[in-house]
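Scroll down for the structure; my scribbles are underneath it.
The values are calculated or read from the model by the stated rules, or taken from the named source; none is laboratory data. Source: prediction; values computed, not measured. Positions of Cβ are generated from backbone atoms using ideal geometry, with glycine treated the same way; all protein chains shown enter the neighbour counts.
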Amino acid sequence: MSDVVTPKIQKTDQEWRELLTPDQYRILRQAGTERAFTGPFWNSHEKGLYSCAACHEPLFVSDTKFDSGCGWPSYFEAVNPEAITEIRDTSHGMVRTEVRCSNCGGHLGHVFPDGPPPTGLRYCINGHAMDFEAMK
Ligand SMILES: [Zn+2]
């Protein structure tokens, strides 16, 4: 779909299938979306670090998570700009910005320009695309 960025981690489709749960595979490798309010983390307020479910690279920290009401975990900023790759997505008759893990190329969700300060962005991320590690 895009040759903008070559992910550092390259696996075959079969390898990803074996590594991921069916939900994770459908979202991360097939750009799927979990139904709102059904995935993990959307209603979580725990302090910690969210990482890519496929390659375990850190993506978001709980300090940037906010209650968007959309039914998916939402953040106003990534843990660092290099952690994610943003790609113009014109599927489903909409112009959106897709968010992928820079390390493995896995689909995470989309970013919208209707978030809170300081960035004004809303990273709307599938919970199944992430793992969470609580901070002590
Ligand atoms: Zn990844």
**OP:** Evaluate region 60-67: report whether one residue or more is modelled with pLDDT of 95 or more and within 11 Å of the chain's Cα centre (by Cα).
**Re:** yes
**OP:** Could you check how many residues of region 57-67 are closer than 20 Å to A31 by Cβ and either surrounded by fewer than 18 Cβ atoms within 10 Å (Cβ to Cβ) or more than 10 Å from the ligand (Cβ to nearest atom) (or both)?
**Re:** 1
**OP:** Could you run through region 90-112 and say how many residues are under 17 Å from R122 (Cβ atoms) and either surrounded by fewer than 18 Cβ atoms within 10 Å (Cβ to Cβ) or out of contact with any strand residue (DSSP E or B) (no Cβ under 6 Å at 6 or more places or on another chain) (or both)?
**Re:** 5
Subject >> Of all residues in region 3-32 being more than 15 Å from the ligand (Cβ to nearest atom), farther than 15 Å from L108 by Cα and part of a loop (DSSP other than H, G, I, E, B), the one that is modelled with the highest pLDDT >> reply: T12
**OP:** Kindly indicate the residue of region 73-89 that is closer than 18 Å to Q30 by Cα and surrounded by 14 or more Cβ atoms within 10 Å (Cβ to Cβ) and also farthest from the ligand (Cβ to nearest atom) among those meeting that condition.
**Re:** D89
